[in-house]
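Participant: Take a look at this one; I'll ask things after.
The values are calculated or read from the model by the stated rules, or taken from the named source; none is laboratory data. Please read all numbers here as calculations on a predicted model, not as lab measurements. Methodologically, a virtual Cβ is constructed for each residue, glycine included, from the backbone with ideal geometry; neighbour enumeration extends over all protein chains shown. Side chains included, ligands, DNA and RNA excluded: accessible areas come from the protein's heavy atoms. Shrake-Rupley method; radii C 1.70, N 1.55, O 1.52, S 1.80 Å.
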Amino acid sequence: MKKGVLFSIIVSALLVSCKIIQPVNPETIYGDGTMTFKFIQLNDVYEIAPLNGGQYGGLARVAHIRDSIARENPNTYLFMAGDFLNPSLLGTLSHNGETIHGKQMIDVMNAMDFDLVTFGNHEFDIGEEDLQKRLNESNFQWVSSNVRHATEGGLKPFKKDLEFGSLPVPDYFTIPVRDTLGNEIKIGFFSVTLDSNPQDFVYYGDVYESADKAYRLVKDKADIIFGLTHLTIDQDRKLAKRLPLVPLIMGGHEHSSMLIREGRSLITKADANAKTVYVHTITYDLITNYVHVHSKLVPIDSKIPSQPAIDRIVKKWTEVLEEKVETIAKNPNEIIYVPKTPLDGTDSANRNIQTNLGELITNAMLLSFNHNVDAAIVNGGSIRVDDIMEGPLTSQDVFRILPFGGPVLKVDMKGSLLRAVLEYGKASRGTGAYLQRYHITESATGDWLLRDKSIQDNTVYTIALSDFLMKGYDIPFLTPSHPGVIKVYEPEISEPATDIRKAVILFMKNQPTAQ
């Protein structure tokens, strides 16, 4: 996929001009005839605290950036372009009797006073009931032009339940902008989300038709219209071509920062987990009816102080996390491994191809028993970090990678069953049932090999695999009662296999690059 311009810590800016929909009456113009306001854009943020030993990220640092900018320009607005309720390590934990499922994000984002957010594909991972809870808890505005709640009564907008009645998520949203001289305009937003996460309770309208409709509805109510999307970059570019008068599309979904010019429009995406944020300075000329967008990528690193009020909330949730992690790893923030090559933990990779992270995990599983094991497999869906893991890694990072944990089992099974399992995983490419493997490969002719030898139907092999797989959730026939299963060994207390995360942590510590 063509990703356009990629930024790390450098600052970039681009100036675009775009004819606006409605002119302002010259008799109402005060001052020099221009208005300036600021957008701060985040997308794909799964963690509230700084990562990699505090090197980057952290929403308290973002809050400091926002407050600093708002002191200079009160017309400063904070946006999230989707994917924030899931996946996260905290989100998988239980607190006060229920799975957290993004509650920590809502808590922090409410305190940060976000102005507008949209759905990402991962918002729907947490299920219908918990998504409704998060909507009800949110104090900020949601918008979506194409996502609908599929109910028994038909398609309806998702909504926030109030004490009396409810507030539906609108197709578009407008914000009035006023300056100190008395000038006032309205800025409008539409929002669309890609249909990459099918759920029974979610309906996705056509991205382009829905955006066109929302644009037509808002164009007579706003002086400038912006996009807040969660699409692939190719979809964003196509959308920009269809709506050429939109000066800026703030997007999500890709995890690497980019700034792309498509016609007279800018498409921007920040780095995932708030490694960076985009700060957009928009200047609207009330006389010529043009808008100028100046976009600056700001790194969120240890040089930026944390806003105290937000930091207190983050620390409250961090304590909850550390209590859970310490049951497996005594020093969760200890650096245990520095990979020579970044580890690919993205969903798209681990559910479609063999990855270096999948190989590392299954290698650790194989070595987690006191006795010999022939090979190891794990379902790609158990890898939940959806990120590229690079730089120094801690035990807590392992929990981010494998938040569900659980024991590793050692299973004696016939080759015929093993081959059937591998074929099922191959046929499930694109889903969580796709299998990551160690010591198992596929030949050019499609033959399955274990340690470079063809798997024989009547030979019994000892395979390390996650207990989740043996419950038949991803592969329905893979259960202890299958006739091809000869014996299932539970791990001994002395073995790292008692928890897959413990096995991976120990494996990382024993690698040459461990710190």
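Participant: Take the residues in the stretch 280-297 that are hydrophobic (A, V, I, L, M, F, W, C) and crowded, with 19+ Cβ neighbours inside 10 Å, then tell me which one is nearest to Thr346 (Cα to Cα). Break it down stepwise before answering.
Facilitator: Taking the stretch 280-297 as the starting set, the residues that turn out to be hydrophobic (A, V, I, L, M, F, W, C) are 282, 286-287, 291, 293, 297.
Pick out the ones that are also crowded, with 19+ Cβ neighbours inside 10 Å and you get 282, 286, 291, 293, 297.
Numbers: Ile282: 33, Leu286: 45, Val291: 37, Val293: 32, Leu297: 23 Å.
Among residues in the stretch 280-297 that are hydrophobic (A, V, I, L, M, F, W, C) and crowded, with 19+ Cβ neighbours inside 10 Å, the one nearest to Thr346 (Cα to Cα) is Leu297.
Participant: Limited to the stretch 104-130, what total is found for residues that are within 16 Å of the chain's Cα centre (by Cα), closer than 16 Å to Val202 by Cβ and either in a helix (DSSP H, G or I) or among the hydroxyl-bearing types (Ser, Thr, Tyr) (or both)?
Facilitator: 7
Participant: I've got another one for you. Looking only at the stretch 171-209, how many residues end up being under 18 Å from Ser265 (Cβ atoms) and of a type outside the set (A, V, I, L, M)?
Facilitator: Start the filter on the stretch 171-209 by keeping residues that are under 18 Å from Ser265 (Cβ atoms), which leaves 172, 187-192, 207-208.
From what's left, of a type outside the set (A, V, I, L, M): 172, 188-191, 208.
Result for the stretch 171-209: 6.
Participant: Would you be able to tell me the number of residues in the stretch 317-342 that are in contact with a helix residue (DSSP H, G or I) (Cβ under 8 Å, 6 or more places away or on another chain) and over 15 Å from Ser395 (Cα atoms)?
Facilitator: The qualifying residues number 3.
Participant: Do you know which of the residues in the stretch 161-212 that are among the aromatic types (Phe, Trp, Tyr) and open to solvent by 70 Å² or more (accessible area, probe 1.4 Å) is farthest from Gly381 (Cα to Cα)?
Facilitator: Taking the stretch 161-212 and keeping what is among the aromatic types (Phe, Trp, Tyr), we get 164, 172-173, 189-190, 201, 203-204, 208.
Among the residues that remain, those that are also open to solvent by 70 Å² or more (accessible area, probe 1.4 Å) are: 164, 203.
Values: Phe164: 40, Tyr203: 23 Å.
The extreme case among them is Phe164.
Participant: I'm trying to understand the selection: among the residues of the stretch 367-392, which are buried (at least 24 other Cβ atoms within 10 Å of the Cβ), more than 25 Å from Asp125 (Cα to Cα) and among the hydrophobic types (A, V, I, L, M, F, W, C)?
Facilitator: Once the filter is applied, which keeps residues that are buried (at least 24 other Cβ atoms within 10 Å of the Cβ), more than 25 Å from Asp125 (Cα to Cα) and among the hydrophobic types (A, V, I, L, M, F, W, C), the stretch 367-392 yields only Ala376.
Participant: Separate question: Of all the residues that make up the stretch 61-111, how many are over 19 Å from Ser144 (Cβ atoms) and either in contact (Cβ under 8 Å) with a residue 40 or more places away in the chain or open to solvent by less than 20 Å² (accessible area, probe 1.4 Å) (or both)?
Facilitator: Count: 23.
Participant: Being under 18 Å from Val62 (Cα atoms) and over 16 Å from the mean Cα position of the chain (by Cα) is the filter here, so list the residues in the stretch 75-103 that pass it.
Facilitator: Kept after step one, since they are under 18 Å from Val62 (Cα atoms), are these residues of the stretch 75-103: 75-85.
Scanning the stretch 75-103 gives Asn75, Thr76, Tyr77, Leu78.
Participant: Continuing with this model, one more query. Go through the stretch 333-380 and give me each residue that's among the small types (Gly, Ala, Ser) and assigned to a strand (DSSP E or B).
Facilitator: Here is the first cut: in the stretch 333-380, the ones among the small types (Gly, Ala, Ser) are 345, 348-349, 358, 364, 368, 375-376, 380.
Within the stretch 333-380, Ala375, Ala376 meet the criteria.
Participant: Being part of a helix (DSSP H, G or I) and open to solvent by less than 70 Å² (accessible area, probe 1.4 Å), is that true of even one residue in the stretch 136-150? Break it down stepwise before answering.
Facilitator: The first filter runs over the stretch 136-150 and keeps only residues part of a helix (DSSP H, G or I), leaving 136-137.
Checking the rest, the ones that are also open to solvent by less than 70 Å² (accessible area, probe 1.4 Å) come to 136-137.
Yes: one or more hits.
Participant: Which condition breaks for Glu129 when tested against (1) without any contact (Cβ under 8 Å) to a residue 12 or more places away in the chain; (2) among the acidic types (Asp, Glu); (3) open to solvent by less than 30 Å² (accessible area, probe 1.4 Å)?
Facilitator: (3) is the only condition that Glu129 fails.
Participant: Could you please give the count of residues in the stretch 475-510 that are exposed (fewer than 14 other Cβ atoms within 10 Å of the Cβ) and either among the polar types (S, T, N, Q) or in a loop (DSSP other than H, G, I, E, B) (or both)?
Facilitator: Qualifying residue count, the stretch 475-510: 10.
Participant: Select the strands (runs of 3 or more DSSP E) contained entirely in the stretch 425-468, then report the ones holding at least 3 residues which are touching a residue at least 12 places away in the same chain (Cβ under 8 Å).
Facilitator: Numbers: elements: 435-438, 440-442, 448-450, 460-466.
So the answer is 435-438, 460-466.
Participant: What's the number of the condition Met35 fails, among (1) open to solvent by less than 10 Å² (accessible area, probe 1.4 Å); (2) part of a loop (DSSP other than H, G, I, E, B)?
Facilitator: Failed condition: (2).
Participant: Within the group Ser302, Ser306, which residue is crowded, with 18+ Cβ neighbours inside 10 Å, of a type outside the set (A, V, I, L, M) and over 15 Å from Thr118 (Cβ atoms)?
Facilitator: On the way: Ser302 fails: crowded, with 18+ Cβ neighbours inside 10 Å.
Only one candidate qualifies: Ser306.
Participant: Now, a different point. What's the number of the condition Asn86 fails, among (1) in a loop (DSSP other than H, G, I, E, B); (2) among the polar types (S, T, N, Q); (3) at pLDDT 95 or above; (4) closer than 27 Å to Val325 by Cα?
Facilitator: (3)
Participant: So which residues in the stretch 451-469 are open to solvent by less than 40 Å² (accessible area, probe 1.4 Å) and within 16 Å of Ser416 (Cα to Cα)?
Facilitator: The answer is Ile455, Tyr461, Thr462, Ile463.
Participant: Now for a separate question. Hey, Asp130 hits all of (1) modelled with pLDDT under 95; (2) in contact with a Ser or Thr (Cβ under 9 Å, 6 or more places away or on another chain) but one; which does it fall short on?
Facilitator: Single failed check for Asp130: (1).
Participant: Could you list, in sequence order, all residues of the stretch 208-254 that are in contact with a Phe, Trp or Tyr (Cβ under 8 Å, 6 or more places away or on another chain) and of a type in the set (Phe, Trp, Tyr)?
Facilitator: Correct list: Tyr215, Phe226.
Participant: In the stretch 426-435, what residues are crowded, with 17+ Cβ neighbours inside 10 Å, within 18 Å of Thr362 (Cα to Cα) and out of contact with any Asp or Glu (no Cβ under 7 Å at 6 or more places or on another chain)? Break it down into steps so the answer makes sense when it comes.
Facilitator: Narrowing the stretch 426-435 to residues crowded, with 17+ Cβ neighbours inside 10 Å: 428, 432-435.
Those left that are additionally within 18 Å of Thr362 (Cα to Cα): 432-435.
Once the filter is applied, which keeps residues that are crowded, with 17+ Cβ neighbours inside 10 Å, within 18 Å of Thr362 (Cα to Cα) and out of contact with any Asp or Glu (no Cβ under 7 Å at 6 or more places or on another chain), the stretch 426-435 yields Tyr434, Leu435.
Participant: Can you tell me which of (1) within 27 Å of Ser494 (Cβ to Cβ); (2) buried (at least 18 other Cβ atoms within 10 Å of the Cβ) is the one Trp448 doesn't meet?
Facilitator: Against the list (1) within 27 Å of Ser494 (Cβ to Cβ); (2) buried (at least 18 other Cβ atoms within 10 Å of the Cβ), Trp448 comes up short only on (1).
Participant: Yes or no: Lys160 closer than 27 Å to Ile310 by Cα, in contact with a Ser or Thr (Cβ under 7 Å, 6 or more places away or on another chain) and either among the β-branched types (Val, Ile, Thr) or in contact (Cβ under 8 Å) with a residue 24 or more places away in the chain (or both)? Before you say what the answer is, go through the steps one by one.
Facilitator: Working: closer than 27 Å to Ile310 by Cα: yes; in contact with a Ser or Thr (Cβ under 7 Å, 6 or more places away or on another chain): yes; either among the β-branched types (Val, Ile, Thr) or in contact (Cβ under 8 Å) with a residue 24 or more places away in the chain (or both): yes.
Yes.
Quick grid of which residues meet (1) modelled with pLDDT of 95 or more; (2) under 22 Å from Ser88 (Cα atoms):
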{"site": "Leu243", "(1), (2)": "yes, no"}
{"site": "Ile260", "(1), (2)": "yes, no"}
{"site": "Tyr290", "(1), (2)": "no, no"}
{"site": "Val293", "(1), (2)": "yes, no"}
{"site": "Pro299", "(1), (2)": "yes, yes"}
{"site": "Val314", "(1), (2)": "yes, yes"}
{"site": "Thr327", "(1), (2)": "no, yes"}
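Participant: Of the residues that sit in the stretch 222-279 and are among the basic types (Lys, Arg) and in a strand (DSSP E or B), which one is most open to solvent (accessible area, probe 1.4 Å)?
Facilitator: The qualifying residue most open to solvent (accessible area, probe 1.4 Å) is Arg261.
Participant: Six or more apart or on different chains, Cβ atoms under 6 Å: show the pairs whose first residue is in the stretch 316-331 and more than 16 Å from Ile48 (Cβ to Cβ) and whose second is among the β-branched types (Val, Ile, Thr) and buried (at least 18 other Cβ atoms within 10 Å of the Cβ).
Facilitator: Sorted first by the residue in the stretch 316-331, then by its partner, the pairs are Ala329/Ile505.
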